[in-house]
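Encoded as C-alpha cells, the structure appears first; notes follow it.
The values are calculated or read from the model by the stated rules, or taken from the named source; none is laboratory data. Just so you know, these numbers come straight off a predicted model, no measurement behind them. Note that we place each Cβ from the backbone using ideal geometry, even for glycine, and neighbour counts take in every protein chain shown. Note: accessible area is taken over every heavy atom of the protein model, side chains too, but ligands, DNA and RNA are not part of it. Shrake-Rupley method; radii C 1.70, N 1.55, O 1.52, S 1.80 Å.
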Amino acid sequence: MTDVTSPAYTGPRRVFSGMQPTGGLHLGNYLGALVKFVRLQDDNECLYCIVDLHAITVDHDPKTLQQQCREVAAAYIAAGVDPERSIIFVQSAVLAHTELAWIFNCVARMGWLQRMTQFKDKAGKNAERMSVGLFDYPVLQAADILAYKGTHVPVGEDQKQHLELSRDIAAKFNNDFNAPGFFPLPEPLIQGPGARIMSLRDGKKKMSKSDPSDMSRINLTDDADAIANKLKRATTDSLPIPDTVEALEGRAEVENLVGIYAALSGETPAQVLGVWGGQGFAAFKPALADLAAAKLAPIADEMRRLLADPAALDRTLRHGAERAHAIAAPIMDDVRRIVGLWGPGR
Ligand code: TYM
C-alpha cells in the first residue's frame, strides 16, 4: 500500500493478539490462534486481549457482553494461557486503545480501508448502512497492537490483510512525524496447519461464529456426542481418502478434515494421509471426533470451573488491565508528544 520504509525497530520483542467476545469460540479460533498463544508465552512477553470494543461494531446485546468477555478469558486460561506469565485483559479497560485509534484515524487513508476485504464481506451490499466503527475496525486493531509496540501477532490467515494495514499505519506514522523506528512494523505469525479452518458444511467458507448453522463449526464447549454428530454429517465426497497431499487438490472439505486432524495430532497432513490414505470416511470421521473430543473436553471442563467463580476471573482481568496500562502509558506519553497533542494531566 505505501512505500514508506522505516529503519529497524530496536525495542523489545512483544507478542500481542486478541479475540472478539462475540459468541463462543470455535475450533478455528483454537487452532488458528489460541494454541499459538500458549506456545509463544514460553519465550515472549505476551498480551492477550478480549476485544469488546470491536464487538460493538455490529449489533450486540449489552446485557451479555461482559459475561462473554469472561467466557473468552476462561477459554484463554483453560487452553493453557497462564495469567501470571501472560497479560490477559479486556480492551475497553485500557483507554489507550481508543485514544491511539483516533490518532491512527488521522494517519490511515480512506483508500486503504476501502480495500479491506473483511469489511466488504461483512457489509455485502449494505455498506451504506453499516456502522462507521465496522469500517474503521482495522484501525482500532492497529491501535491495539501498537499501543504496546507489539512486534509479533499470532492470528489465523483471515487477519493477514488487517496486519498489513497495521504495518502501513506504523510506517506512515514513523515517517509523517519524523520518528524513525518509533513503532515496530508488527509481524503476523500465521503459519501452521490450523491457520485456515473451514466450515464443516462448505470447504470454501471459513469456520465462523457468524455462520447461522451450528453444524458448520465445532465449538470449544461442544461435548463428545455433539462433536461426533457434527463430524459424521460433515460434507465429504464418495472417494476414499487420498495418499498424497497433492491429491487433496480440488477436495476442499477433505483437505479441511485432514488439516484439522493434523493440527490436533501435531502431525503433518502428509503423515495423516500416510496412515489414512485409501480408507473411507466411515472410519476416519469417528477417529477425528475422538481426537477432537480428547483435546476439547478438558478445556470445556476447565472453562466451566473458571466461570463458576466470576469474581476471581474479574480479578485476573483487572490485574491484567493494570499491567497492560503500565506498558501503554509511557508509549502514549511519547505518542502525544510526537503528535503535538496537549494530553491529560497537563
Ligand atoms: P476473531 O475474534 O474473529 O478471531 C480470533 C482469532 O481466531 C482466528 N480465526 C481462525 N483461524 C483459523 N481458521 C478459522 N476459521 C478462524 N476463525 C478465526 C482469527 O484469525 C483470530 O486470530 N480482528 C480480530 C481480533 C483482533 C485482533 C487485534 C487480533 C482485534 N484486535 C489485534 C490480533 C491483534 C478478530 O476478529 O478475531
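The table below lists the values:
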item	result
Flag if Thr98 is open to solvent by 60 Å² or more (accessible area, probe 1.4 Å) and of a type in the set (S, T, N, Q)	yes
Which listed residue is away from the ligand (no atom under 14 Å from the Cβ), among the hydrophobic types (A, V, I, L, M, F, W, C), modelled with pLDDT of 95 or more and outside any loop (DSSP other than H, G, I, E, B), from Phe173, Phe182	Phe173
Output for segment 76-95, where each listed residue is open to solvent by less than 10 Å² (accessible area, probe 1.4 Å), within 20 Å of Asp301 (Cβ to Cβ) and in contact with a helix residue (DSSP H, G or I) (Cβ under 6 Å, 6 or more places away or on another chain)	Val81, Ile88
Subset of segment 98-135 [closer than 26 Å to Phe37 by Cα and without any contact (Cβ under 8 Å) to a residue 60 or more places away in the chain]	Thr98, Ala101, Met116, Thr117, Gln118, Phe119
Subset of segment 12-25 (residues that are open to solvent by less than 20 Å² (accessible area, probe 1.4 Å) and either β-branched (Val, Ile, Thr) or near the ligand (Cβ under 7 Å from one of its atoms) (or both))	Val15, Phe16, Ser17, Met19
Subset tally (residues that are part of a loop (DSSP other than H, G, I, E, B), near the ligand (Cβ under 9 Å from one of its atoms) and within 15 Å of the chain's Cα centre (by Cα)) for segment 191-209	7
Which listed residue, of Arg217, Arg233, Arg196, is in contact with a His (Cβ under 6 Å, 6 or more places away or on another chain), basic (Lys, Arg) and more than 30 Å from Ala328 (Cα to Cα)	Arg217
Of all residues in segment 224-260 being open to solvent by 70 Å² or more (accessible area, probe 1.4 Å) and under 26 Å from Asp301 (Cβ atoms), the one that is nearest to the ligand (Cβ to nearest atom)	Arg233
Every residue from segment 321-346 that is under 30 Å from Glu84 (Cβ atoms) and open to solvent by less than 50 Å² (accessible area, probe 1.4 Å)	Ala321, Ala324, Ile327, Ala328, Ala329, Ile331, Met332, Val335
Yes/no for Thr221 being in a loop (DSSP other than H, G, I, E, B), open to solvent by 60 Å² or more (accessible area, probe 1.4 Å) and not small (Gly, Ala, Ser)	yes
Evaluation of Phe183 against (1) more than 20 Å from the chain's Cα centre (by Cα); (2) open to solvent by 10 Å² or more (accessible area, probe 1.4 Å); (3) within 18 Å of Gly18 (Cβ to Cβ) (one fails), failing number	(2)
Count of residues meeting criterion [near the ligand (Cβ under 9 Å from one of its atoms), of a type outside the set (Val, Ile, Thr) and under 13 Å from the mean Cα position of the chain (by Cα)] in segment 38-53	1
Hits in segment 106-132 (condition: of a type outside the set (A, V, I, L, M), surrounded by 15 or more Cβ atoms within 10 Å (Cβ to Cβ) and closer than 22 Å to Phe183 by Cα)	Trp112
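Residue-wise test of (1) touching a helix residue (DSSP H, G or I) at 6+ places or on another chain (Cβ under 8 Å); (2) not in a helix (DSSP H, G or I).
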site	(1), (2)
Ala312	yes, no
Arg315	no, no
Arg318	yes, no
Ala321	yes, no
Ala328	yes, no
Met332	yes, no
Arg337	no, no
Gly345	no, yes
